[in-house]
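*Asks:* Sharing a structure here in structure tokens format.
Each reported figure results from applying straightforward, stated rules to the coordinates on display, with no laboratory input. A quick note: this is a predicted structure, and the numbers were derived from the prediction, not measured. Here Cβ is always computed from backbone atoms with ideal geometry, including for glycine, and neighbour counts include all displayed protein chains.
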């Protein structure tokens with residue numbers, strides 16, 4: 001996994017605005033990517049996934065974009081709500097099975 | 001449907017001791033994975049078990065071990081504890097199985113280990 005510092009990047013948005021959280025991945029052989037949300041005191045919760053044969057996938061209020069050329073993943077949250085405040089992690093499947101390699105995480109703070 | 005249950009939720013140990021953490025997966029899930037979460041290193045994969053067999057292993061020393069029982073419940077053990085083992089240990093379950101993997105893991109709330 002990646003080495004990360006103690007201070008995660010923070011994104012502060014106003015309630016009702018759209019949020020974009022970015023992630024760079026390192027393994028060009030990865031073919032499956034996932035976004036997780038972790039609220040304080042809880043385990044990570046699955047949000048949405050995308051396979052490498054797609055460049056966009058939409059869920060309820062969320063959209064994941066994949067750019068394989070630059071190995072970049074983004075999560076867009078529409079009409080951000082206070083309940084969206086959490087740490088967001090991207091992850092990639094490195095090999096067969098459920099071995100996830102997580103990114104460093106981004107803190108999302110929603111201002112009311 | 002009950003979620004993933006981890007016990008104990010909090011524990012304090014001293015250096016040199018050993019610890020066993022327990023995980024009960026969601027009913028019907030056969031894959032159980034363990035992750036370590038620290039402020040410095042983030043979320044790191046420890047190992048995954050499927051049908052009582054270790055299917056994947058992360059880059060942790062041999063002091064970290066695990067097992068899975070026939071009812072899919074899993075335990076992980078850390079021997080000869082070091083200060084750096086202080087972390088949140090997360091268990092995650094999924095259906096598992098053959099074929100392409102699913103990244104949709106269901107995580108428990110974790111066991112927070114403090115080593116003094």
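*Asks:* Given a Förster radius of 30 Å and the C-beta distance between residue A:29 and residue B:30 as r, what FRET efficiency does 1/(1 + (r/R0)^6) yield to the nearest 0.05? Kindly include the intermediate steps, with their values, before the conclusion.
*Replies:* Numbers: r = 26 Å, r/R0 = 0.87.
After rounding, the FRET efficiency stands at 0.70.
*Asks:* Further, regarding this structure: Quickly work out the residue B:5-to-residue A:12 label distance, labels modelled 7 Å from Cα along the C-beta direction, and quote it in nm with one decimal.
*Replies:* With each label point 7 Å from Cα toward Cβ, the separation is 4.2 nm.
*Asks:* Two decimals, Cα atoms only, Kirkwood Rh: what is Rg/Rh over chain B?
*Replies:* Working: Rg = 13.5 Å, Rh = 14.1 Å.
Taking Rg over the Kirkwood Rh, I get 0.95.
*Asks:* How crowded by other chains is B:29-36, given as the mean number of beta carbons from other chains within 10 Å of each beta carbon? Spell out each step's value before the answer.
*Replies:* Working: counts 0, 0, 2, 1, 4, 0, 6, 1.
Other-chain Cβ atoms within 10 Å of each residue's Cβ, averaged: 2.
*Asks:* With 10 angstrom as the radius, rank B:29, A:72 by how many other C-beta atoms surround their C-beta, starting from the fewest.
*Replies:* Details: B:29 18, A:72 14.
Lowest to highest Cβ neighbour count: A:72, B:29.
*Asks:* Specify the inter-centroid distance of the stretch B:39-58 and the stretch B:1-26, based on alpha-carbon positions, in whole Å.
*Replies:* After rounding, the separation between the Cα centres reads 15 Å.
*Asks:* Rank the residues A:99, A:56 as a footprinting-exposure proxy: fewest other Cβ atoms within 10 Å of their Cβ go first.
*Replies:* Working: A:99 21, A:56 10.
Going from sparsest to densest Cβ surroundings: A:56, A:99.
*Asks:* At 7 Å along Cα-to-Cβ for each site, give me the label-to-label distance between residue A:58 and residue B:114 in nm.
*Replies:* Taking the two extended label points, one gets 4.8 nm.
*Asks:* Hey, fewest Cβ within 10 Å first, where do B:109, B:82 land in order?
*Replies:* Going from least to most buried by this count: B:82, B:109.
*Asks:* Taking the Kirkwood radius as the inverse of the mean 1/r across Cα pairs, report the Rg/Rh of the protein assembly as shown. Don't skip to the answer; put the middle values down first.
*Replies:* Details: Rg = 17.5 Å, Rh = 18.1 Å.
My calculation of the ratio gives 0.97.
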